[in-house]
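These notes concern the structure reproduced below.
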């Protein structure tokens with residue numbers, strides 16, 4: 001039996017994405033979602049100078065006026081560079097997820113020195129992190145990066161609360177990262193806890209880096225008034241190649257050779273996504289570059305012809321660090337597929353709160369992309 005895969009006529013998303021739909025012209029719903037959010041943001045938010053002035057006023061008389069996440073990659077480094085250029089006073093926070101590459105670590109050090117910015121390192125017990133990664137792999141869903149995602153945002157909110165800062169500035173957005181189908185990516189603290197309960201050691205004291213449970217998150221955003229700002233949304237000419245050149249010249253920053261090079265876990269993630277879930281996440285990031293005009297669609301299609309998985313050396317390193325064998329990996333690849341809907345999460349509650357979450361997404365409390373995917377795609 002021959003299966004034909006339909007591809008969007010504008011980007012490179014195709015029918016391997018379970019929720020994809022096409023209009024009469026062959027353009028996918030993710031392209032339309034990108035356009036809707038871009039138009040709404042232009043109408044609603046104002047310029048980058050206006051946003052930075054609001055942040056500056058909110059942080060008056062404090063040592064810092066914003067918290068910025070820093071991984072050592074392109075987007076986070078340029079975000080920190082831009083914040084400094086705008087005259088803001090950032091506290092940079094780096095969450096050590098246990099997989100920081102040597103290149104990324106060197107970039108963080110060079111950036112801190114060149115910009116004269118304090119970088120606060122947030123850490124978690126490696127044994128707890130490792131158990132979390134292994135539990136997510138055993139859960140048999142695509143969401144194998146939850147320990148890092150939970151840890152990063154927990155660290156940012158905790159640092160903002162401690163510093164009395166009301167704004168967290170992020171270097172990622174749907175423009176830089178693309179729009180993942182829900183079937184390929186979902187994350188919340190309750191879901192992570194249920195995965196730990198079913199496939200790991202449970203959500204015990206070692207998982208103190210998980211500060212995004214509903215009560216804690218509510219305190220961060222309602223009591224302390226902390227908001228997130230996705231800086232690339234305010235930049236009209238956000239081009240990776242030009243940004244990487246600027247960072248190299250001005251900060252001594254080094255590009256690691258591919259997207260998300262700063263994490264040594266990503267090759268294993270790509271291997272599992274591709275072989276187990278038929279989910280090549282390069283399509284998501286390449287489609288973002290196409291929609292913003294950074295690359296042509298033909299160039300994106302050509303990139304997808306290159307192998308997407310990990311090298312043998314990369315796989316061996318990741319498995320050894322996790323205390324796993326090749327047999328363990330093969331078993332995980334053959335385990336029946338599951339999704340986040342097979343676990344307890346906040347999703348069912350969220351899906352019943354359309355109007356409040358619409359308001360929350362506009363205020364930077366709830367991810368706007370998640371809202372749009374859940375209710376409008």
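Taken together, the values in this text are just the output of simple stated rules run on the coordinates, not laboratory data. Note that the structure is a prediction, hence the values are computed from the model and not measured. No Cβ is skipped: glycine too gets one built from the backbone with ideal geometry, and neighbour counts run over all protein chains shown.
Result for the chain in a Gaussian network model with C-alpha springs under 10 Å: among 232, 142, 63, the largest mean-square fluctuation is at 63. Each part gets one Cα centre, and for the stretch 298-325 versus the stretch 210-235 those centres are 33 Å apart.
Placing pseudo-labels 7 Å out from each Cα toward the beta carbon at residue 198 and residue 327 gives an inter-label distance of 2.6 nm. Taking other C-beta atoms within 10 Å as the exposure proxy, 96, 298 rank 298, 96 from fewest upward.
Distance from the C-alpha centroid of the stretch 57-99 to that of the stretch 262-280: 28 Å, rounded to the whole angstrom.
How would you rank 126, 253, 223, going from fewest to most other Cβ atoms within 10 Å of each one's own Cβ? Walk me through the numbers before you get to the answer.
Values: 126 12, 253 25, 223 9.
Going from sparsest to densest Cβ surroundings: 223, 126, 253.
As a rough footprinting exposure proxy, the listed residues 349, 37, 146, 235 were ranked by other beta carbons within 10 Å of their own, and the order from fewest upward is 349, 235, 37, 146.
Go ahead and set up a Gaussian network model of the chain, Cα springs under 10 Å, then flag whichever of 355, 209, 192 fluctuates most. Looking only at 355, 209, 192, the largest GNM fluctuation is found for 355. From the Cα gyration tensor of the stretch 196-337, with a ≥ b ≥ c the square roots of its eigenvalues, which class applies: rounded if a/c is under 1.5, or else prolate if a/b is larger than b/c, or else oblate? Oblate is the answer for the stretch 196-337, as a/c is 1.5 or above yet b/c matches or exceeds a/b.
Can you classify the stretch 141-201 as rounded, prolate or oblate using the Cα gyration tensor, where a ≥ b ≥ c are the square roots of its eigenvalues, rounded means a/c under 1.5, and otherwise it's prolate if a/b beats b/c and oblate if not? Cα axes put the stretch 141-201 in the oblate bin. Under the simplified labelling scheme, the residue 50-residue 9 pair shows an inter-label distance of 3.6 nm, with each label point 7 Å from Cα along Cα→Cβ. The modelled label-to-label distance between residue 353 and residue 126, using points 7 Å beyond Cα along the C-beta direction, is 3.7 nm.
The spread of Cα positions in the stretch 130-246, taken along each principal axis and listed from longest to shortest, comes to 45, 34, 24 Å. Between residue 241 and residue 113, residue separation times 0.36 nm minus the direct Cα-Cα distance comes to 43.8 nm.
With a ≥ b ≥ c the root eigenvalues of the C-alpha gyration tensor of the stretch 1-143, is it rounded (a/c under 1.5), prolate (a/b larger than b/c) or oblate?
Values: a/c = 2.62, a/b = 1.33, b/c = 1.97.
Oblate is the answer for the stretch 1-143, as a/c is 1.5 or above yet b/c matches or exceeds a/b.
Note on the chain: GNM, Cα springs under 10 Å; of 61, 97, 29, the largest mean-square fluctuation is that of 61.
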